[in-house]
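The block underneath contains the structure these notes are about, expressed in C-alpha cells.
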Amino acid sequence: MVIWGQNPISEESRRSEGKISRIQSSSFISPMLSQNSSSRPADDTVFFSIYPDSTLPPNPNTPAATTLSLLQSLHLEILNFISPYTSNYIYQHQPFTLSLNTTDPIPHLHGKLKFGDNLDDEWFVVFLLLQISKHFSTLSIRVHDSDGEFLLIEAAVHLPKWLNPNTSVNRVFIRGGGLCIVPKSKFASCPGLLEALCFLRDCGESVCRVDQNVELCIRNRIRGFVERVDYNMHTVRVRVPLSVASVLRNEPCLISLAVEGFYDRDIDSMKYAASMSRFLPNGSQEELVVVSVKMSRAMYAQLVQQNFQAPKCYPMPGRSEGRVYSEAELGMKIACGFEMIYQSRKRDGEEGKGSTWEAFKASLERSGYFKGLLPGSKEYKSLMENAEEYYRQSSLHSRASDIMSGPVRRMDEILATSCSHNDFKDQNLPPSDDDSWLYNGEEELSAALLEREREMEMYNLKDEKKQKSKEQQSAGMLSVEDYGLGDIADSMKAFVSKMSSYEGAEVPENRNLENVDFDVERFMKEIESVMKLPHSNDTGSEVAAEEGSSSDMEFDDFDYGSDGMEASSDNEESNSFMGSYSDALNEELKTTTLNKSFIRANEQMVKTGEGTSKDGGHVEEEFTPVDVDINLVKSLIDSFSSQEGLPGPATNLLGLMGLQLPQDAKQNK
C-alpha cells in the first residue's frame, strides 16, 4: 500500500484530475474493462503504433529490405523532429521511444511508455503524436492504454450515440494533426485494421475528422503543453554523497530511476539500502555535497511525502539544523533510491537488454533483413554497414533510452571517472522552488470536480430534454410550459409572407388538393353591381388604398406630389368605390357586437389605470388600435379548443405552419 504522508491530497489531485473524465464515462469504459481482463495491459502504460501509408497495399509484395529501409528512414526523421520537445523533458519512468516491427502483416513503428502516477507523461505522448501526425501527413497513428481508447473517454459526453467500446475497434486514429473516427456509414461493423488504414489513406482525414467539440476536449487537455512542462517541474537543493552528485551532474535524467527505486522499494531492495555499498563507500565518514536537482512535481511528492528512516551508515545532520537537515533528508532518499535500483537491476541482469547492438542485430535476423546471405559475403557486408549506420544514428537520438534501459552500465562508467569534493564547491546554485503547491491542492481538485460536474449536468439536461421531446412527439402532444404562444403569431406571419399570396395559401403539392378557381375581376364586378355603382372599364388598374376598411386612420396630411394632381377619372371612381364600400361595411357592423369582440392595445393600460380620473384614462374606442397578434392567437386557440381534439380548420392551418398545439389537460384526464 502506498503511504502518502500527512497531506497526500495534492499529488492525489494530480492523478484524480486526469481520471475524473474517465469516471464520468463509466458507460463507455466498463464494457472494455470486462473483456479480456486476463490480457489487459499495465494500468500505468500507454501504447502507440505508427502506420505509414507506404507500407500499405497496393504494394503488398514490396521486398522486406525495402520496407525496413523505409521504416528506418522514417524512424530517424521522427526522432529528429521530436528532439526539441523531448531533450529537456524528465519522464517519470521511461522516455518516449520507437521500435521497428516488420514481423506483423502491416510493418510499422511502435512503442510504449510507463507513466506511473504522472499522467502528464501520458498526455505528453499524445502531444508528441499529434505533432508527428501534423508534420508527417501520411501517417495513421493509434494510441491506447489499459482503459482502452482514452481519447474518446476524455470527450465521452460529445461522442455520437453509436460509438462505444464494442463499435470503436479499429476506428480511432490520429492523422493530419487531429483525431479521426472511421464513420459507421462506411463500415457498419468494425473494420479490420488494414481496411481502416486503407480507408484513411484513400479518403483522407477530412472525411473522418471528429466533431469540433470532441476535438476541443483533446486540445484543451494538451493546450500549452510546452509551457506546462516547465511549470510541472520542481527544482530543489539536496545534500548527497559525492558518487550520487557525480551521477546527477552527468546524467540528470537518472533522477527518475532513483525516485522509482525509492518509491517502489520492497523488503529485498531495502537490504541494499541498509549497507549502501555502491554509493556510500566511506559510510558515515562520507562528506555530503550540495547539488541542485530538477524533477517532476510528481517525483518530488513521492519523495517528500513518504517517511523513511535513514540507514545507520548514512551521515545525517541534526534536526536542529533546519534547512540543512531538510536538504540532507531529501538527498538521503535519492541516494537510497540509486542504491536500490542499481543493485536490483544488477541482480536481475536487465542492464542493456533491448538496447545493445547484439539485440538489435538479432531482431534484424528474425525479420529477414539479411535475406539468408552468408556472413562475410559482399552483399551481407553492405547490409551490415547500413544497419550499423542506422544503429549509430538512432543511438544518438535515443541516448536517454539507452541510459534508462542500461542504468548499471552507465552508472559504472560515471563512477569510474575521477571526481572530488572540490568539483562541487563554490557553486552558484539556484534556490529551491516553493513547494506550497504540494499542500494546497484541494482547491485545484475541487475546481476540476466542479467543472466535470457542470459538464455532466449540462449533458444530462440536454439528454433529458431530447428524451422528453421524443416521448411527447410520439404521444402527439407538447406541454404548455414547453410551448411558446408567441411562436403562433410569428409562424402565421411567416406563413402569410412565404406560403400565401393574393390568390390564397399555397399548400404542399403532395396533398393532391384541387386548386380553387377565383376570378378577381368578376368578383369586383359583382360587388360594384350590388353597390349600384357605375361600371369601371379599367378594373385592372391599381387601386390606391388611402382609406382601408380595417383602419380608422386619416391620411389628410399625406403629400402625394405632382403625380396625385394628375390622377385620372378612373382612379377617382375607384377611390369613390372603396370609400363607399368601407362606409357600407362600417354601417353594417354598427348594429353588431363584433367590434367589442376584439382585444385592443389599450385594454391592459386602462385596467392598470383604474385609480386615475375618468377624463385622463378615457380613450375613444374607435381610435384605439386592435392588437393583431393577441387577437390572432386567441382566435386560433378558441377554434382549436372548440374542435375538442377532433380534426378541424385550426389544426389544418397550424399543420401547414408546422405547429402542433398541446391537448387540453382537462381532456386528457
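The values are calculated or read from the model by the stated rules, or taken from the named source; none is laboratory data. Owing to the predicted nature of the structure, the values given are computational and were not obtained by experimental measurement. Note: ideal-geometry Cβ built from the backbone for every residue, glycine included; neighbour counts use all protein chains shown. Surface accessibility is based on the protein's heavy atoms, side chains included, excluding ligands, DNA and RNA. Shrake-Rupley method; radii C 1.70, N 1.55, O 1.52, S 1.80 Å.
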Pairing a residue in region 442-462 that is in contact (Cβ under 8 Å) with a residue 24 or more places away in the chain with any residue that is of a type in the set (A, V, I, L, M, F, W, C) and surrounded by 12 or more Cβ atoms within 10 Å (Cβ to Cβ), where Cβ atoms lie under 8 Å and the two sit 6 or more apart in sequence or on different chains, gives Glu442/Ile9; Leu445/Ile9; Ala448/Ile20; Leu449/Ile20; Arg452/Ile20; Glu455/Val157; Met456/Val157; Tyr459/Val157
| task | Report whether or not Ser140 is touching a residue at least 60 places away in the same chain (Cβ under 8 Å) and either of a type outside the set (Phe, Trp, Tyr) or open to solvent by less than 20 Å² (accessible area, probe 1.4 Å) (or both). | result | yes
Of the residues in region 104-137 that are open to solvent by 10 Å² or more (accessible area, probe 1.4 Å) and of a type in the set (D, E, K, R), the one that is farthest from Asp43 (Cα to Cα) is Lys134
Taking first residues from region 192-205 that are within 13 Å of Ile141 (Cα to Cα) and second residues anywhere that are in a helix (DSSP H, G or I) and open to solvent by 20 Å² or more (accessible area, probe 1.4 Å), the pairs with Cβ under 7 Å that are 6 or more apart or on different chains are Arg201/Asp53
Filtering region 110-158 down to residues that are aromatic (Phe, Trp, Tyr) and either part of a strand (DSSP E or B) or within 16 Å of Val169 (Cβ to Cβ) (or both) yields Phe150
Restricted to region 213-242 and to residues being open to solvent by 20 Å² or more (accessible area, probe 1.4 Å) and over 29 Å from Pro84 (Cα atoms), the residue modelled with the lowest pLDDT is Asn213
Pairing a residue in region 118-132 that is farther than 15 Å from Ile78 by Cα with any residue that is open to solvent by less than 10 Å² (accessible area, probe 1.4 Å), where Cβ atoms lie under 6 Å and the two sit 6 or more apart in sequence or on different chains, gives Asn118/Gln92; Asn118/Ser296; Asn118/Ala298; Leu119/Gly18; Asp121/Gln92; Asp121/Phe115; Glu122/Val46; Glu122/Phe115
Considering region 418-436, residues that are over 51 Å from the mean Cα position of the chain (by Cα) and of a type in the set (Ser, Thr, Tyr), and then whichever is surrounded by the most Cβ atoms within 10 Å (Cβ to Cβ), we arrive at Ser420
The number of residues in region 87-99 that are surrounded by fewer than 18 Cβ atoms within 10 Å (Cβ to Cβ) and closer than 17 Å to Phe48 by Cα is 1
Check your understanding: In this structure, is Ser185 closer than 30 Å to Gln212 by Cβ, surrounded by fewer than 21 Cβ atoms within 10 Å (Cβ to Cβ) and of a type in the set (Gly, Ala, Ser)?
Key -> yes
When every residue in region 279-301 that is part of a helix (DSSP H, G or I) and aliphatic (A, V, I, L, M) is compared, the one nearest to the chain's Cα centre (by Cα) is Ala298
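Residue by residue, here is whether (1) touching a Cys at 6+ places or on another chain (Cβ under 9 Å); (2) aromatic (Phe, Trp, Tyr) holds:
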position: Lys134; (1), (2): no, no
position: Ser146; (1), (2): no, no
position: Leu152; (1), (2): no, no
position: Trp162; (1), (2): no, yes
position: Pro165; (1), (2): no, no
position: Val182; (1), (2): yes, no
position: Ser189; (1), (2): no, no
position: Leu193; (1), (2): no, no
Taking first residues from region 159-188 that are free of Cβ contacts under 8 Å to residues at least 60 places away in the same chain and on the phi < 0 side of the Ramachandran plot and second residues anywhere that are open to solvent by less than 10 Å² (accessible area, probe 1.4 Å) and among the small types (Gly, Ala, Ser), the pairs with Cβ under 6 Å that are 6 or more apart or on different chains are Phe173/Ser140; Ile174/Ser133; Arg175/Ser133; Arg175/Ser140; Val182/Ala196
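Matching residues to (1) closer than 23 Å to Gly372 by Cβ; (2) at pLDDT below 85:
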{"position": "Leu56", "(1), (2)": "no, no"}
{"position": "Asn59", "(1), (2)": "yes, yes"}
{"position": "Thr67", "(1), (2)": "yes, yes"}
{"position": "Leu76", "(1), (2)": "no, no"}
{"position": "Gln92", "(1), (2)": "no, no"}
{"position": "Thr103", "(1), (2)": "yes, yes"}
{"position": "Gly116", "(1), (2)": "no, yes"}
{"position": "Glu122", "(1), (2)": "no, no"}
{"position": "Val126", "(1), (2)": "no, no"}
Among the residues of region 250-263, the number that are open to solvent by 10 Å² or more (accessible area, probe 1.4 Å), under 14 Å from Ile334 (Cα atoms) and out of contact with any Phe, Trp or Tyr (no Cβ under 8 Å at 6 or more places or on another chain) is 3
Going through region 295-327 in order, the residues found to be surrounded by 17 or more Cβ atoms within 10 Å (Cβ to Cβ) and either of a type in the set (S, T, N, Q) or closer than 22 Å to Asp412 by Cα (or both) are Ser296, Gln302, Gln305, Tyr314, Ser326
### Query
Condition test on Arg201, is it in contact with a helix residue (DSSP H, G or I) (Cβ under 7 Å, 6 or more places away or on another chain), over 30 Å from Leu461 (Cα atoms) and open to solvent by 20 Å² or more (accessible area, probe 1.4 Å)?
yes
Filter region 264-278 for residues that are open to solvent by less than 40 Å² (accessible area, probe 1.4 Å) and part of a helix (DSSP H, G or I); the one that is farthest from Lys294 (Cα to Cα) is Ser269
The helices (runs of 4 or more DSSP H) lying wholly within region 341-449 that contain at least 2 residues that are at pLDDT 85 or above and within 28 Å of Asn250 (Cβ to Cβ) are 407-415
